[in-house]
Amino acid sequence: MEKIFERMMYGSRWLMAPIYFGLSFVLLALSVKFFQEIFDVIPVIITMKSMDLVLIILSLVDIALVGGLVVMVMFSGYENFVSRLDLDDHDDKLGWLGKLDASSLKNKVSASIVAISSIHLLKIFMNIENIDNSKLLWYLLIHITFVLSAFAMGYLDKITKH
């Protein structure tokens, strides 16, 4: 009975596989939004203020960072929690595949969140005349919370590894 229960519990990890596959649809949605932003800016790029163009570029970089984060979570999560990807014969295999354990994935996700938050905060600062001071304070507080959380997680991982 115990052996059957353990096999069923171990096999249940495959319930995560469709979730990781579903993240590829998130990448598709991000791609659509990315190109929608580009197609929206092309007709007005000549008449656009440079500051507005910079804000759009920051939005595009933000989308790219989120996409990279999704790819990292999708592949590393699958490899760490479901099954190893059998890609040894592929020339274009990602160099970090198989090297990110759950702890380093958590740190990379934290660092990505801080980077995304930083870009969002930069966009806010570039449009600061239209932002209420109380909202600005909340944006800063949330960003600082992300930074401190990422630092604390990295520090705790360093302590527990030694």
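What does the highest-first list of 28-40, 62-74 look like by mean Cβ count within 10 Å?
The packing order, highest mean first, is 62-74, 28-40.
Could you tally the net charge around Gly77, taking each other residue with its Cβ under 13 Å from the Cβ of Gly77, Lys/Arg +1 and Asp/Glu -1?
With Lys, Arg at +1 and Asp, Glu at -1, the neighbours total +2.
Counting only Cα atoms, I'd like the Rg/Rh figure for the chain, Kirkwood definition for Rh.
My calculation of the ratio gives 1.08.
How much FRET efficiency would the formula 1/(1 + (r/R0)^6) give for Gln36 and Val71, where r is the Cβ-Cβ distance and R0 is 22 Å, rounded to 0.05?
Working from the Cβ atoms, E equals 0.65.
For the pair Asp89/Leu122, report the inter-label distance in nm, with labels modelled 7 Å from Cα in the Cβ direction.
4.3
Please give the helix 102-126 orientation as an angle from the longest Cα principal axis of the chain, in degrees from 0 to 90, rounded to the nearest 10.
10
Using the Kirkwood radius over Cα pairs, work out the Stokes-Einstein diffusion coefficient for region 101-161 at 10 °C and 1.306 mPa s, in µm²/s as a whole number.
Diffusion coefficient, whole number: 126 µm²/s.
Using only the alpha-carbon atoms, how far is helix 50-81 inclined from the longest principal axis of the chain? Give it as 0 to 90 degrees, nearest 10.
Around 0 degrees separate the two axes.
Please count, across region 2-140, the pairs of lysine residues with Cα atoms under 23 Å apart that sit 8 or more places apart or on different chains.
8
Calculate, in nm to one decimal, what Phe81 and Asn133 gain on full extension: separation in residues at 0.36 nm each, minus their alpha carbon distance.
Additional length available on full extension: 14.3 nm.
Would you mind calculating the gained length between Val26 and Lys158 on full extension (0.36 nm times residue separation, minus the Cα-Cα distance), in nm to one decimal?
This chain segment gains 44.3 nm when fully extended.
Near Lys161, which aspartates and glutamates are there with a Cα under 17 Å away, not counting those fewer than 8 places off in the same chain?
Asp101
How do 141-148, 103-110 rank on mean C-beta neighbours within 10 Å, highest first?
Order by mean packing, descending: 103-110, 141-148.
Any read-out appearing in this document is the output of simple, stated calculations on the displayed coordinates, not a laboratory observation. Since the structure is predicted, the reported quantities are computational estimates derived from the model, not experimental observations. Because the Cβ atoms are built from the backbone with ideal geometry, glycine has one as well, and the counts that use them run over all protein chains shown.
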